[in-house]
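Engineer: Got a structure for you, questions after.
The values are calculated or read from the model by the stated rules, or taken from the named source; none is laboratory data. Because the structure is a prediction, the values reported are computed rather than measured. Cβ atoms come from the backbone with ideal geometry, glycine included; neighbour counts cover every protein chain shown.
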Amino acid sequence: MQTYGSIIPGGPTLARILPKAASEARDPPLSRETKRRLGVLGWHATHGKRVSLTARHFGLSRSTLYEWLKRHAKDGTRGLQERTRKPHNVRQPTWSWELEQAVLKLRAEHPRWGKDKLVVLLRHQGLAVSVSMVGRILRRLKAAGRLPPADLRDPLIVHRPQIRPYATRKPRDYVPRTPGDLVEIDSADIRLLPGSAHWYKHFSARDVISRWDVLGVYGRATAITARDFLDAVIERMPYAVRAIQVDGGSEFKAEFEEACREKGLRLFVLPPRSPKLNGSVERAQRTHKEEFYQMLDPPDSLAELRRLLLAHERCYNTLRPHQALGQLTPQQWLLASTERG
(Lines give C-alpha, C1' and ligand atoms only; values in the text may rest on other atoms or scores of the structure.)
Protein backbone atom coordinates (compact mmCIF):
# COMPACT_ATOMS: atom_id res chain seq x y z
CA MET A 1 0.00 0.00 0.00
CA GLN A 2 1.26 3.51 -0.74
CA THR A 3 2.18 5.86 2.07
CA TYR A 4 -0.72 7.79 3.45
CA GLY A 5 0.83 11.20 2.82
CA SER A 6 1.01 10.75 -0.97
CA ILE A 7 -1.93 8.81 -2.29
CA ILE A 8 -1.41 10.28 -5.79
CA PRO A 9 2.01 11.64 -6.85
CA GLY A 10 1.78 15.38 -6.77
CA GLY A 11 -1.80 15.15 -5.58
CA PRO A 12 -3.51 15.96 -2.29
CA THR A 13 -2.31 14.38 0.92
CA LEU A 14 -4.44 12.28 3.21
CA ALA A 15 -4.65 15.21 5.64
CA ARG A 16 -6.37 17.27 2.92
CA ILE A 17 -8.61 14.38 1.86
CA LEU A 18 -9.56 13.54 5.42
CA PRO A 19 -9.13 16.80 7.37
CA LYS A 20 -10.43 15.28 10.59
CA ALA A 21 -7.47 12.89 10.71
CA ALA A 22 -5.00 15.79 10.60
CA SER A 23 -6.83 17.73 13.26
CA GLU A 24 -6.44 14.86 15.70
CA ALA A 25 -2.63 14.72 15.65
CA ARG A 26 -2.53 15.03 19.42
CA ASP A 27 -4.42 11.74 19.88
CA PRO A 28 -2.57 8.58 20.98
CA PRO A 29 -0.61 6.74 18.25
CA LEU A 30 -2.83 4.95 15.80
CA SER A 31 -2.89 1.20 15.65
CA ARG A 32 -1.87 -0.68 12.50
CA GLU A 33 -5.50 -1.58 11.76
CA THR A 34 -6.64 2.04 12.13
CA LYS A 35 -3.92 3.17 9.73
CA ARG A 36 -5.03 0.50 7.26
CA ARG A 37 -8.60 1.74 7.41
CA LEU A 38 -7.45 5.31 6.89
CA GLY A 39 -5.51 4.18 3.84
CA VAL A 40 -8.57 2.47 2.42
CA LEU A 41 -10.68 5.61 2.86
CA GLY A 42 -7.90 7.73 1.34
CA TRP A 43 -7.81 5.48 -1.73
CA HIS A 44 -11.60 5.61 -1.86
CA ALA A 45 -11.59 9.41 -1.81
CA THR A 46 -9.10 9.67 -4.69
CA HIS A 47 -10.62 7.01 -6.93
CA GLY A 48 -14.10 8.29 -7.55
CA LYS A 49 -15.64 7.44 -4.18
CA ARG A 50 -17.28 4.36 -5.66
CA VAL A 51 -17.99 1.92 -2.86
CA SER A 52 -18.21 -1.15 -5.11
CA LEU A 53 -14.81 -0.38 -6.72
CA THR A 54 -13.08 0.20 -3.39
CA ALA A 55 -14.62 -2.90 -1.85
CA ARG A 56 -13.41 -5.08 -4.74
CA HIS A 57 -9.95 -3.49 -4.73
CA PHE A 58 -9.34 -4.20 -1.02
CA GLY A 59 -11.37 -7.40 -0.72
CA LEU A 60 -13.93 -5.87 1.64
CA SER A 61 -17.67 -6.10 1.81
CA ARG A 62 -19.68 -3.03 0.85
CA SER A 63 -21.38 -3.00 4.25
CA THR A 64 -17.99 -2.83 5.98
CA LEU A 65 -16.88 0.10 3.85
CA TYR A 66 -20.18 1.93 4.43
CA GLU A 67 -19.73 1.40 8.18
CA TRP A 68 -16.19 2.86 8.09
CA LEU A 69 -17.33 5.88 6.09
CA LYS A 70 -20.21 6.48 8.51
CA ARG A 71 -17.99 6.19 11.59
CA HIS A 72 -15.31 8.46 10.10
CA ALA A 73 -17.84 11.10 9.11
CA LYS A 74 -19.19 11.10 12.66
CA ASP A 75 -16.08 10.76 14.86
CA GLY A 76 -13.07 11.25 12.56
CA THR A 77 -10.05 9.02 13.08
CA ARG A 78 -11.34 7.90 16.47
CA GLY A 79 -14.31 6.38 14.70
CA LEU A 80 -12.01 4.00 12.80
CA GLN A 81 -10.37 2.56 15.88
CA GLU A 82 -11.15 -1.04 16.82
CA ARG A 83 -14.10 -1.41 19.13
CA THR A 84 -14.78 -4.08 21.71
CA ARG A 85 -16.80 -7.03 20.50
CA LYS A 86 -18.13 -7.72 23.97
CA PRO A 87 -21.91 -8.20 23.90
CA HIS A 88 -23.99 -5.41 25.38
CA ASN A 89 -25.89 -7.91 27.49
CA VAL A 90 -23.48 -10.31 29.22
CA ARG A 91 -24.98 -13.39 30.79
CA GLN A 92 -24.94 -13.12 34.56
CA PRO A 93 -24.69 -16.07 36.98
CA THR A 94 -28.07 -17.58 37.75
CA TRP A 95 -26.96 -19.81 40.61
CA SER A 96 -27.05 -18.99 44.27
CA TRP A 97 -24.11 -18.32 46.55
CA GLU A 98 -24.96 -21.48 48.48
CA LEU A 99 -24.72 -23.62 45.31
CA GLU A 100 -21.37 -22.09 44.39
CA GLN A 101 -20.02 -22.84 47.88
CA ALA A 102 -21.30 -26.42 47.66
CA VAL A 103 -19.48 -26.93 44.35
CA LEU A 104 -16.31 -25.37 45.76
CA LYS A 105 -16.42 -27.62 48.84
CA LEU A 106 -16.93 -30.81 46.82
CA ARG A 107 -14.17 -29.89 44.39
CA ALA A 108 -11.79 -29.24 47.28
CA GLU A 109 -12.59 -32.72 48.64
CA HIS A 110 -12.29 -34.38 45.21
CA PRO A 111 -9.91 -32.25 43.10
CA ARG A 112 -9.73 -34.79 40.23
CA TRP A 113 -13.50 -35.06 39.75
CA GLY A 114 -15.20 -33.16 36.97
CA LYS A 115 -18.66 -31.70 36.54
CA ASP A 116 -20.28 -35.04 35.58
CA LYS A 117 -19.41 -36.61 38.93
CA LEU A 118 -19.91 -33.51 41.06
CA VAL A 119 -23.46 -32.98 39.77
CA VAL A 120 -24.45 -36.43 41.07
CA LEU A 121 -23.26 -35.57 44.59
CA LEU A 122 -24.98 -32.19 44.46
CA ARG A 123 -28.28 -33.80 43.51
CA HIS A 124 -27.87 -36.22 46.42
CA GLN A 125 -27.76 -33.13 48.62
CA GLY A 126 -31.11 -32.02 47.21
CA LEU A 127 -29.74 -29.31 44.93
CA ALA A 128 -31.43 -29.00 41.52
CA VAL A 129 -28.56 -28.32 39.15
CA SER A 130 -27.52 -29.30 35.61
CA VAL A 131 -24.16 -30.59 34.43
CA SER A 132 -23.58 -27.49 32.30
CA MET A 133 -24.27 -25.19 35.26
CA VAL A 134 -21.70 -27.01 37.40
CA GLY A 135 -19.24 -26.59 34.52
CA ARG A 136 -19.90 -22.82 34.39
CA ILE A 137 -19.46 -22.58 38.15
CA LEU A 138 -16.13 -24.39 37.97
CA ARG A 139 -14.98 -22.16 35.10
CA ARG A 140 -15.95 -19.02 37.03
CA LEU A 141 -14.18 -20.23 40.17
CA LYS A 142 -11.06 -21.01 38.17
CA ALA A 143 -11.07 -17.60 36.48
CA ALA A 144 -11.36 -15.96 39.90
CA GLY A 145 -8.43 -18.00 41.23
CA ARG A 146 -10.61 -19.69 43.87
CA LEU A 147 -10.43 -23.24 42.50
CA PRO A 148 -7.74 -25.32 44.20
CA PRO A 149 -5.44 -26.80 41.52
CA ALA A 150 -5.27 -30.57 41.26
CA ASP A 151 -1.93 -32.30 41.76
CA LEU A 152 -1.31 -33.93 38.37
CA ARG A 153 1.95 -35.65 39.30
CA ASP A 154 2.08 -39.39 38.74
CA PRO A 155 2.85 -41.03 42.11
CA LEU A 156 4.08 -44.19 40.35
CA ILE A 157 6.90 -42.31 38.61
CA VAL A 158 9.88 -41.66 40.84
CA HIS A 159 11.62 -38.48 39.80
CA ARG A 160 15.31 -38.77 40.53
CA PRO A 161 17.64 -35.85 39.99
CA GLN A 162 19.74 -36.30 36.87
CA ILE A 163 23.31 -35.49 37.80
CA ARG A 164 25.39 -35.37 34.63
CA PRO A 165 28.96 -34.19 35.18
CA TYR A 166 29.53 -33.39 31.50
CA ALA A 167 26.41 -33.86 29.34
CA THR A 168 24.09 -30.90 28.76
CA ARG A 169 20.89 -30.10 26.90
CA LYS A 170 21.48 -29.05 23.30
CA PRO A 171 21.24 -25.25 23.12
CA ARG A 172 18.49 -23.85 20.92
CA ASP A 173 21.02 -21.89 18.88
CA TYR A 174 23.15 -24.97 18.13
CA VAL A 175 22.29 -25.81 14.52
CA PRO A 176 24.34 -28.50 12.71
CA ARG A 177 25.46 -27.24 9.31
CA THR A 178 28.34 -29.49 8.20
CA PRO A 179 29.00 -33.25 8.53
CA GLY A 180 30.20 -34.11 12.03
CA ASP A 181 28.43 -31.19 13.72
CA LEU A 182 25.92 -33.60 15.31
CA VAL A 183 25.92 -37.40 15.44
CA GLU A 184 22.91 -39.05 17.08
CA ILE A 185 23.45 -42.39 18.85
CA ASP A 186 20.81 -44.84 20.03
CA SER A 187 20.55 -48.46 21.13
CA ALA A 188 17.87 -51.12 20.65
CA ASP A 189 17.18 -54.70 21.71
CA ILE A 190 17.48 -57.28 18.92
CA ARG A 191 16.12 -60.83 19.07
CA LEU A 192 17.14 -62.85 16.04
CA LEU A 193 14.61 -65.65 16.61
CA PRO A 194 10.95 -65.00 17.52
CA GLY A 195 10.24 -65.94 21.10
CA SER A 196 13.92 -66.45 21.87
CA ALA A 197 15.11 -65.47 25.35
CA HIS A 198 18.51 -64.53 23.93
CA TRP A 199 18.91 -60.99 22.67
CA TYR A 200 21.63 -58.62 21.51
CA LYS A 201 22.09 -54.89 21.87
CA HIS A 202 22.31 -52.99 18.61
CA PHE A 203 23.85 -49.49 18.41
CA SER A 204 23.32 -47.02 15.57
CA ALA A 205 25.07 -43.69 15.03
CA ARG A 206 23.86 -41.31 12.32
CA ASP A 207 25.28 -38.00 11.20
CA VAL A 208 22.27 -35.72 10.74
CA ILE A 209 23.77 -33.89 7.73
CA SER A 210 25.31 -36.62 5.55
CA ARG A 211 23.20 -39.55 6.85
CA TRP A 212 26.41 -41.57 7.25
CA ASP A 213 25.75 -44.47 9.64
CA VAL A 214 28.03 -46.49 11.90
CA LEU A 215 26.58 -49.70 13.35
CA GLY A 216 27.54 -52.05 16.15
CA VAL A 217 26.14 -55.04 18.04
CA TYR A 218 27.06 -56.27 21.52
CA GLY A 219 26.02 -58.91 23.99
CA ARG A 220 24.63 -56.30 26.40
CA ALA A 221 24.32 -52.55 26.80
CA THR A 222 26.62 -51.01 29.37
CA ALA A 223 28.53 -47.76 29.57
CA ILE A 224 31.67 -49.70 28.63
CA THR A 225 30.15 -51.17 25.45
CA ALA A 226 28.75 -47.73 24.57
CA ARG A 227 32.26 -46.30 25.04
CA ASP A 228 33.67 -48.98 22.71
CA PHE A 229 31.02 -48.13 20.14
CA LEU A 230 31.96 -44.44 20.42
CA ASP A 231 35.54 -45.39 19.47
CA ALA A 232 34.17 -47.21 16.41
CA VAL A 233 32.10 -44.17 15.45
CA ILE A 234 35.11 -41.85 15.57
CA GLU A 235 37.21 -44.36 13.63
CA ARG A 236 34.69 -45.11 10.86
CA MET A 237 33.14 -41.68 10.30
CA PRO A 238 34.90 -40.13 7.28
CA TYR A 239 35.19 -36.73 9.01
CA ALA A 240 35.81 -35.32 12.46
CA VAL A 241 32.94 -35.70 14.93
CA ARG A 242 32.29 -32.61 17.02
CA ALA A 243 29.11 -33.36 18.98
CA ILE A 244 27.13 -36.42 20.12
CA GLN A 245 23.44 -36.56 21.07
CA VAL A 246 21.97 -39.43 23.13
CA ASP A 247 18.93 -40.18 25.25
CA GLY A 248 19.02 -40.64 29.01
CA GLY A 249 19.82 -44.37 28.93
CA SER A 250 22.22 -45.65 31.58
CA GLU A 251 24.58 -46.95 28.87
CA PHE A 252 25.29 -43.33 27.89
CA LYS A 253 26.53 -42.32 31.32
CA ALA A 254 29.65 -43.07 33.41
CA GLU A 255 32.46 -44.36 31.14
CA PHE A 256 30.71 -43.19 27.97
CA GLU A 257 30.28 -39.65 29.27
CA GLU A 258 33.86 -39.56 30.51
CA ALA A 259 35.11 -40.73 27.10
CA CYS A 260 33.26 -37.87 25.40
CA ARG A 261 34.87 -35.41 27.79
CA GLU A 262 38.35 -36.84 27.21
CA LYS A 263 37.93 -36.69 23.43
CA GLY A 264 36.68 -33.11 23.52
CA LEU A 265 33.25 -34.01 22.10
CA ARG A 266 30.21 -32.01 23.07
CA LEU A 267 27.64 -34.37 24.60
CA PHE A 268 23.96 -33.46 24.43
CA VAL A 269 21.37 -35.50 26.36
CA LEU A 270 17.67 -35.44 25.50
CA PRO A 271 14.91 -34.50 27.95
CA PRO A 272 12.93 -37.47 29.34
CA ARG A 273 10.42 -39.15 27.02
CA SER A 274 11.37 -37.17 23.90
CA PRO A 275 12.68 -39.64 21.28
CA LYS A 276 11.40 -37.38 18.50
CA LEU A 277 14.34 -35.06 19.21
CA ASN A 278 16.61 -37.93 18.10
CA GLY A 279 14.52 -38.49 15.00
CA SER A 280 17.38 -39.14 12.56
CA VAL A 281 18.83 -42.10 14.44
CA GLU A 282 15.37 -43.39 15.35
CA ARG A 283 14.66 -43.62 11.62
CA ALA A 284 18.03 -45.31 11.13
CA GLN A 285 17.09 -47.96 13.71
CA ARG A 286 13.96 -48.79 11.76
CA THR A 287 15.85 -48.95 8.46
CA HIS A 288 18.48 -51.39 9.75
CA LYS A 289 15.86 -53.50 11.49
CA GLU A 290 13.84 -53.88 8.28
CA GLU A 291 16.70 -54.16 5.79
CA PHE A 292 19.17 -56.21 7.84
CA TYR A 293 17.83 -58.03 10.88
CA GLN A 294 14.47 -59.03 9.40
CA MET A 295 16.20 -60.37 6.26
CA LEU A 296 18.98 -62.13 8.20
CA ASP A 297 19.62 -65.84 8.47
CA PRO A 298 20.68 -65.89 12.14
CA PRO A 299 24.42 -66.62 12.43
CA ASP A 300 25.95 -69.00 14.95
CA SER A 301 28.07 -66.46 16.83
CA LEU A 302 28.29 -62.81 17.80
CA ALA A 303 31.52 -62.46 15.80
CA GLU A 304 29.76 -63.62 12.62
CA LEU A 305 26.85 -61.27 13.32
CA ARG A 306 29.29 -58.36 13.62
CA ARG A 307 30.93 -59.30 10.31
CA LEU A 308 27.57 -59.35 8.53
CA LEU A 309 26.50 -56.06 10.15
CA LEU A 310 29.73 -54.37 9.03
CA ALA A 311 29.08 -55.50 5.45
CA HIS A 312 25.55 -54.08 5.72
CA GLU A 313 27.00 -50.79 7.00
CA ARG A 314 29.32 -50.50 3.99
CA CYS A 315 26.41 -51.26 1.66
CA TYR A 316 24.27 -48.60 3.31
CA ASN A 317 26.94 -45.89 3.11
CA THR A 318 28.32 -46.62 -0.35
CA LEU A 319 25.70 -48.47 -2.41
CA ARG A 320 22.15 -47.83 -1.15
CA PRO A 321 20.53 -44.65 -2.62
CA HIS A 322 19.15 -42.37 0.05
CA GLN A 323 15.94 -40.45 -0.64
CA ALA A 324 16.84 -37.56 1.69
CA LEU A 325 20.07 -37.07 -0.28
CA GLY A 326 18.40 -36.93 -3.70
CA GLN A 327 18.92 -40.67 -4.26
CA LEU A 328 22.68 -40.35 -3.70
CA THR A 329 24.54 -42.58 -1.30
CA PRO A 330 26.08 -40.86 1.74
CA GLN A 331 29.50 -41.40 0.14
CA GLN A 332 28.42 -39.81 -3.16
CA TRP A 333 26.82 -36.92 -1.32
CA LEU A 334 30.03 -36.26 0.62
CA LEU A 335 32.12 -36.31 -2.57
CA ALA A 336 29.71 -33.95 -4.28
CA SER A 337 29.65 -31.55 -1.33
CA THR A 338 33.47 -31.57 -1.22
CA GLU A 339 33.62 -30.63 -4.91
CA ARG A 340 31.09 -27.85 -4.37
CA GLY A 341 33.06 -26.57 -1.40
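Engineer: Which of (1) surrounded by fewer than 13 Cβ atoms within 10 Å (Cβ to Cβ); (2) over 31 Å from the mean Cα position of the chain (by Cα); (3) not basic (Lys, Arg) is the odd one out, the single condition Pro299 does not satisfy?
Structural biologist: (1)
Engineer: Show the residue pairs that are 6+ apart or on different chains and have beta-carbon atoms under 7 Å apart, the first residue being within the stretch 51-74 and under 18 Å from Glu33 (Cβ atoms), the second being among the basic types (Lys, Arg) and in a helix (DSSP H, G or I).
Structural biologist: Once the first residue is under 18 Å from Glu33 (Cβ atoms) and sits in the stretch 51-74, its partners that are among the basic types (Lys, Arg) and in a helix (DSSP H, G or I) give Ala55/Arg62; Trp68/Arg37.
Engineer: Give just the number: which of (1) in contact with an Asp or Glu (Cβ under 9 Å, 6 or more places away or on another chain); (2) not assigned by TED's automatic domain parsing to the domain that holds Glu33 does Gly76 not satisfy?
Structural biologist: (2)
Engineer: Next question. What is the residue count in the stretch 59-95 for residues that are assigned to a loop (DSSP other than H, G, I, E, B) and of a type in the set (Ser, Thr, Tyr)?
Structural biologist: 3
Engineer: What is the residue count in the stretch 320-341 for residues that are touching a strand residue (DSSP E or B) at 6+ places or on another chain (Cβ under 8 Å) and either touching a residue at least 40 places away in the same chain (Cβ under 8 Å) or under 23 Å from Leu192 (Cβ atoms) (or both)?
Structural biologist: Total satisfying the criteria: 3.
Engineer: Could you list, in sequence order, all residues of the stretch 237-260 that are in contact (Cβ under 8 Å) with a residue 40 or more places away in the chain and part of a helix (DSSP H, G or I)?
Structural biologist: Result: Glu251, Phe252, Glu257, Glu258, Cys260.
Engineer: Looking at Arg123, Arg107, Arg91 in this structure, which one is modelled with pLDDT under 90 and over 18 Å from Arg36 (Cβ atoms)?
Structural biologist: Numbers: Arg123 fails: modelled with pLDDT under 90; Arg107 fails: modelled with pLDDT under 90.
So the residue among Arg123, Arg107, Arg91 that is modelled with pLDDT under 90 and over 18 Å from Arg36 (Cβ atoms) is Arg91.
Engineer: What's the total number of residues in the stretch 301-319 that are touching a residue at least 12 places away in the same chain (Cβ under 8 Å) and out of contact with any Pro (no Cβ under 7 Å at 6 or more places or on another chain)?
Structural biologist: Adding up the residues that qualify gives 8.
Engineer: Any chance the stretch 283-300 includes a residue that's part of a helix (DSSP H, G or I), without any contact (Cβ under 8 Å) to a residue 40 or more places away in the chain and touching a Leu at 6+ places or on another chain (Cβ under 6 Å)?
Structural biologist: Checking the stretch 283-300: not a single residue is part of a helix (DSSP H, G or I), without any contact (Cβ under 8 Å) to a residue 40 or more places away in the chain and touching a Leu at 6+ places or on another chain (Cβ under 6 Å).
Engineer: Still on this structure, please answer the following. Whether any residue in the stretch 214-226 is part of a loop (DSSP other than H, G, I, E, B) and of a type in the set (Val, Ile, Thr) is what I want to check.
Structural biologist: Yes, the stretch 214-226 contains a residue that is part of a loop (DSSP other than H, G, I, E, B) and of a type in the set (Val, Ile, Thr).
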